Amino acid sequence: MNLSGKKGLILGVANDQSIAWGCALMAKQMGAELIVTCQNEKARKYVEPLTIAENIQLEACNVEDPGALEILVNNAIKKLGHFDFVIHSIAWAPLEDLHGRVIDSSSIGFSRAMEVSCHSFATLAKLCAPHMPSGGALLTMSYLGADEAVPHYGLMGPVKAALESLVRYMAVELGAQKIRVHAVSPGPIATRAASGIDHFDELMRTASQKSPLGRPVRLEEIASLSTFLCSDGASGMTGQTIYVDGGCHAVA
């Protein structure tokens, strides 16, 4: 999993428990030069101490702001020159839609959840692909609720299902450019984004009980898989949703 000399962009750091931050730390340890993002300037004060300590560059990017991704990619290219990998680790839905029934979700709430959690990955790929002259990897984060109806996951289930389908289509469209596309599907882990899911503690307990390994997945295990997929060791793989959930997906 050597990333020496490789350059990457990682979106979605909120704190030191973020999947994006776990991926950034491991990629840095493997030799990559990085730029990571937080949501906005308000979040910067919580994230900046982490990035300063690790000598990682930080940008603010709220994907709902018009032109925000374009500005981010332009700034990142000025600093890095090109991308070898990009990790998209952002997801969001309005709480009133997330906590209710899917059939009760508002059109606006559904659309915003889809834009932030799914379509932003397509936009990011469109912007980054021209700056990946030697190919590389595009990763996003999914969850078992994309494939199964998980209690309390609600609106995010259909959104993640769309995201996983998007991965497959992007893999076909970008394969000729030697750009590989994957969704990583971790088991439930206590991140800031996950805290918005109703009864999340119950979801974690159920996953641990169901898991053949009998425990929750760890942040470093998610980061290890993600780093591998960004490395040359995964050069023959694309278009997959790959689980790192202790085996939960394999158990009925």
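When +1 charges are put on Lys and Arg Cβ atoms and -1 charges on Asp and Glu Cβ atoms, the dipole computed for region 7-250 relative to its Cα centre reaches about 400 debye.
Going from the fewest other Cβ atoms within 10 Å to the most, the residues Leu155, Leu166 appear in the order Leu166, Leu155. Extension gain for Glu48-Ile71 works out to 6.4 nm (0.36 nm per residue, less the C-alpha to C-alpha distance). Taking amide hydrogens as placed 1.01 Å from N in the peptide plane, the amide H of Ile10 sits under 5 Å from those of Ile35, Val36, Thr37, Ile87, each at least 5 positions away in sequence or on another chain. Counted over all Cα-Cα pairs of region 32-181, pairs farther apart than 19 Å make up 58 percent. For region 1-96, the list of GluC sites (Glu not before Pro) that fall in a loop by DSSP and count at most 14 other C-beta atoms within 10 angstrom reads Glu64.
Among Ile179, Ile242, what is the fewest-to-most ranking by other Cβ atoms within 10 Å? Please report the intermediate quantities before stating the final value.
Details: Ile179 23, Ile242 17.
Ordered by Cβ neighbours within 10 Å, fewest first: Ile242, Ile179.
Projecting the Cα atoms of Gln57, Val102, Val167 onto the dipole axis of the chain, where Lys and Arg carry +1 and Asp and Glu carry -1 at the beta carbon, places Gln57 farthest toward the positive end. A cut-off of 5 Å between modelled amide H atoms, ignoring neighbours fewer than 5 places along the same chain, links Gly136 with Ile179, Arg180. Across region 7-250, the relative contact order, built from alpha-carbon pairs under 8 Å that are at least six residues apart, equals 20 percent.
Hey, which of these cross-link pairs are over 21 Å Cα-Cα: Lys45/Lys78; Lys42/Lys78; Lys7/Lys178? The pairs that break the limit, which is 21 Å between Cα atoms, are Lys45/Lys78; Lys42/Lys78. Taking loop as defined by DSSP and a crowding limit of 16 other beta carbons within 10 Å, which trypsin sites (Lys or Arg not before Pro) in region 188-252 fit? Here the trypsin sites (Lys or Arg not before Pro) that fit, given the DSSP loop and packing criteria, are Arg192, Arg218. Over the chain, dividing the summed -39,500 (n - 2.57) contributions of all DSSP H runs of at least 4 residues by the number of residues returns a 222 nm mean residue ellipticity of -12000 deg cm²/dmol. For Val244, the residues whose modelled amide H falls within less than 5 Å of its own, excluding neighbours fewer than 5 places apart on the same chain, are Ser185, Gly187.
FYI, it's all coordinate maths here, none of it is from the lab. Please read all numbers here as calculations on a predicted model, not as lab measurements. Ideal geometry is used to build each Cβ from the backbone, glycine not excepted, and the neighbour counts take in all protein chains shown.
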